[in-house]
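Read-outs throughout are calculated quantities, based only on the coordinates presented, and are distinct from any laboratory measurement. Since this is a predicted model, take the numbers as computed values, not measurements. Reconstructed Cβ throughout: ideal geometry from the backbone, glycine too, with neighbour counts over all protein chains shown.
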Ligand code: SF4
């Protein structure tokens, strides 16, 4: 499948009234990636306090986003904390129209931020790569369509820190992320590290945030339509990403080329 109109039909999982659920995990001990120069935040620290600290410590902070539930909540919190920087989105050429519409709704809602869409990566129709590279080599596909353009942009902008929306209960691979994560190139600030999906949903509803409508159809984590399915009851929030491909992360936040 290479054309958007061939994308799989969006279906709601949990037929028969079985509710979707991803049980929050108990926080585990933070392992080895904490920025020791950061304050001694606790799991109960308000994400707003983490963002305010980050804005003071890293005024050149920059926020990449894919506009998932976590990202939308983080955007709203960042706006309340005073973030006025860029929100950077990578257009792979494979995004759901609902995702692009969510981006546009957010840009209209938060005019105090600058929404940047990067188109510089390899696209399905530009002849640089096989359009169905996602099927034959999804790691290479993410590398050229998603990771490379964002890495290039970050080299140009050179922020000292990134504001990131990951949370521990999204997947086993994220179960240990700290609020402030050291990195060789830049610090990653993860204000939502300890928030559960239920808490994020409650916040989004309370503040009437423009969540990607696919989320409420069971797409708890939305990426390219070629590599995303709805989550089944009891699965991790990210279980619908690259399902059956032995891949759990795109490479932006894990792996040797991580941001
Ligand atoms: S999510 Fe899929 S289509 Fe999108 S860049 Fe990664 S492998 Fe390619």
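Relative contact order, percent, of the chain when contacts are C-alpha pairs under 8 Å separated by at least 6 residues?
With pairs under 8 Å counted, the relative contact order is 29 percent.
Once a ≥ b ≥ c are taken as the square roots of the eigenvalues of the Cα gyration tensor of the stretch 106-259, is the result rounded (a/c under 1.5), prolate (a/b larger than b/c) or oblate (a/b not larger than b/c)?
Rounded shape, in that the Cα axes give a/c under 1.5.
Starting from the Cα-Cα distance between residue 112 and residue 158, subtract it from 0.36 nm times their residue separation and give me the gain in nm to one decimal.
Between residue 112 and residue 158, full extension yields 14.4 nm more.
So which residue, out of 103, 80, 168, gets the largest mean-square fluctuation from a GNM of the chain using Cα contacts under 10 Å as springs?
Highest fluctuation among the options: 80.
Would you mind checking the radius of gyration and Dmax of the chain based on alpha-carbon positions, in Å?
17.5, 51
By counting other Cβ atoms within 10 Å of each Cβ, how are 157, 188 ranked from fewest to most?
Ranked by crowding around the Cβ, least crowded first: 157, 188.
What is the stretch 171-221 by shape, rounded, prolate or oblate, if you read a ≥ b ≥ c off the alpha carbon gyration tensor as root eigenvalues and call it rounded for a/c under 1.5, prolate for a/b larger than b/c, and oblate otherwise?
Because a/c hits 1.5 or more and a/b exceeds b/c, the stretch 171-221 counts as prolate.
Once the Cα atoms of the stretch 55-120 are picked out, what are the Rg and Dmax in Å?
11.8, 36
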